[in-house]
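Below is one structure, written out as structure tokens; the observations come after it.
The values are calculated or read from the model by the stated rules, or taken from the named source; none is laboratory data. This structure is a prediction, so every number in the text was calculated from the model and none was measured. Using ideal geometry, Cβ is built from the backbone for each residue, glycine included, and neighbour counts are taken over all protein chains shown.
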Amino acid sequence: MEVEGSGTPVDIRGGRISNAAGNSQSFLLIYPGAGELELGGSSYGLVYAPNAGIKVSGQAEWFGAVVAKSLQLRGGSAIHYDRGVQLP
């Protein structure tokens, strides 16, 4: 998924992304903008947003990889890096 926009262009909280296979390479979010992204809930995926700040909140567990300008983990959230990730 490639996203453009302003404000909060991507808000993935409350289990909005489902990746039942648990394969982080099955979901790739590419965001070239500078707006803030919000991740919440638990899911698997790769997020490439080198110009954007990312907030992860609500005891979220994100499995995969995140590239961002800044990263804030709140409320017991965690990012678990998937060592098997192979970027294109």
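Within the range 1-27, the residues that satisfy the criterion of being surrounded by fewer than 16 Cβ atoms within 10 Å (Cβ to Cβ) and modelled with pLDDT of 65 or more are Ala20, Ala21, Gly22, Asn23, Ser26. Within the range 35-88, being of a type in the set (Phe, Trp, Tyr) and under 10 Å from the mean Cα position of the chain (by Cα) holds for Tyr44, Tyr48, Trp62, Phe63.
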